[in-house]
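Student: Mind looking over this structure? Questions follow.
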Amino acid sequence: MSVSSASATDKGLRRSTNEDSVSVREDLGLFVVADGMGGHAAGEVASRAAVEGIVAFVEATQTMSPDQTWPIPFDLEQSVNANRLRAGFRMGNRRLASQIGSSSELRGMATTAVAVLIDGGTGTLAHVGDSRAYRLRDGQLDRLTRDHSWVEEQIRVGALSEAAARQHPWRNIVTRALSGSEDLEVDTQEIVLQAGDRLLLCSDGVFTVLDDDQISEVLRRKTDLDQLCGALIQGANDGGGPDNVTAIVLEINAV
């Protein structure tokens, strides 16, 4: 497997701080975006703690097998890499809990996160909250994750359309996040990769401004990945940039 990557992040036009965090580790095949919540410095602390926990666990378990001792019960119905990401998210969550316990000013902080771990021709996705993963294949854009959010739940039951959800005043309310609680639930899935695939990991600062057609148009451009990331950031800011804007674009060169 050969993969190229680029990332970009911006605080947006209406934010004084950037509460997003990002990690690009081509050496591990690991890519992570987290979007912190809590205001002031707390959101930044939350997203950074989550990303650091995920990266640290994946880095420490490159040769881990199911018969070894895991920090959480090993799920035999999932792959080793899915278990690694799930445990990494739990480690990040524990880091949040530790920091919240040491500082009353950080109480109430939380973060969403999305990560992909690429191993050969397989990508393992994990996410909590409304940070997203997309795949562009043969010019077709597919959203690979489903938001843990109030508006997404309303869309699923037919109470809201996609267009209405984008404008709804409760569109930023997430129903699941890394917050230091003990009952964190992480969604994971395996995706088969093909040469030429482009993957996008992003915070909601991208897709609350740019719709799927606009994201697809950018990802289809025949240009380098840095320019694609820059175009997504610029597009979000041109649309008002109400939130932090973070994107990682990956291109699968060979599998």
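The values are calculated or read from the model by the stated rules, or taken from the named source; none is laboratory data. Computed from a predicted model, the values in this text were never measured in an experiment. Cβ: placed from backbone, ideal geometry, glycine included. Neighbour counts: every protein chain shown. For the accessible areas, the whole protein counts, side chains as well, though only heavy atoms, and no ligand, DNA or RNA atoms are used. Shrake-Rupley method; radii C 1.70, N 1.55, O 1.52, S 1.80 Å.
Student: Being closer than 15 Å to residue 203 by Cβ, at pLDDT 95 or above and surrounded by fewer than 19 Cβ atoms within 10 Å (Cβ to Cβ) is the requirement here; does residue 132 meet it?
Tutor: no
Student: A further question on this structure: Residue by residue through the stretch 20-36, note down the ones that are touching a helix residue (DSSP H, G or I) at 6+ places or on another chain (Cβ under 9 Å) and in a strand (DSSP E or B).
Tutor: Listed by number, the residues that qualify are 20, 21, 22, 23, 25, 30, 32, 33, 34, 35, 36.
Student: Conditions first: (1) among the β-branched types (Val, Ile, Thr); (2) in contact with a Leu (Cβ under 8 Å, 6 or more places away or on another chain); (3) under 27 Å from residue 254 (Cα atoms); (4) modelled with pLDDT of 95 or more. Residue 3 passes all but one, so which condition is the exception?
Tutor: In the conditions (1) among the β-branched types (Val, Ile, Thr); (2) in contact with a Leu (Cβ under 8 Å, 6 or more places away or on another chain); (3) under 27 Å from residue 254 (Cα atoms); (4) modelled with pLDDT of 95 or more, residue 3 misses (4) alone.
Student: Something else now. Take the stretch 192-232 and flag every residue that is in a helix (DSSP H, G or I), crowded, with 20+ Cβ neighbours inside 10 Å, of a type in the set (A, V, I, L, M, F, W, C) and touching a residue at least 40 places away in the same chain (Cβ under 8 Å).
Tutor: Correct list: 206, 207, 215, 219, 228, 229, 232.
Student: Modelled with pLDDT under 90 and either under 25 Å from residue 136 (Cα atoms) or aromatic (Phe, Trp, Tyr) (or both): which single residue out of 195, 165 fits that description?
Tutor: So the residue among 195, 165 that is modelled with pLDDT under 90 and either under 25 Å from residue 136 (Cα atoms) or aromatic (Phe, Trp, Tyr) (or both) is 165.
Student: Continuing with this model, one more query. If you go through the stretch 37-92 one residue at a time, how many are of a type in the set (Gly, Ala, Ser), surrounded by fewer than 18 Cβ atoms within 10 Å (Cβ to Cβ) and either in a helix (DSSP H, G or I) or in contact with a Leu (Cβ under 6 Å, 6 or more places away or on another chain) (or both)?
Tutor: The qualifying residues number 2.
Student: Another question about this same structure. Could you please give the count of residues in the stretch 103-119 that are part of a strand (DSSP E or B) and either of a type in the set (Gly, Ala, Ser) or under 16 Å from residue 181 (Cα atoms) (or both)?
Tutor: The qualifying residues number 5.
Student: May I pose another question? Just give me the residues in the stretch 145-162 being open to solvent by less than 70 Å² (accessible area, probe 1.4 Å), more than 28 Å from residue 88 (Cβ to Cβ) and either of a type in the set (A, V, I, L, M, F, W, C) or not in a helix (DSSP H, G or I) (or both), in sequence order.
Tutor: Selection gives 155, 158, 159, 160, 161.
Student: Among the candidates 122, 188, which residue alone is surrounded by 18 or more Cβ atoms within 10 Å (Cβ to Cβ), within 21 Å of residue 79 (Cβ to Cβ) and among the polar types (S, T, N, Q)?
Tutor: 188
Student: Among the numbered criteria (1) out of contact with any Lys or Arg (no Cβ under 7 Å at 6 or more places or on another chain); (2) surrounded by fewer than 19 Cβ atoms within 10 Å (Cβ to Cβ); (3) assigned to a loop (DSSP other than H, G, I, E, B), which one does residue 12 miss?
Tutor: Just one mismatch for residue 12, condition (2).
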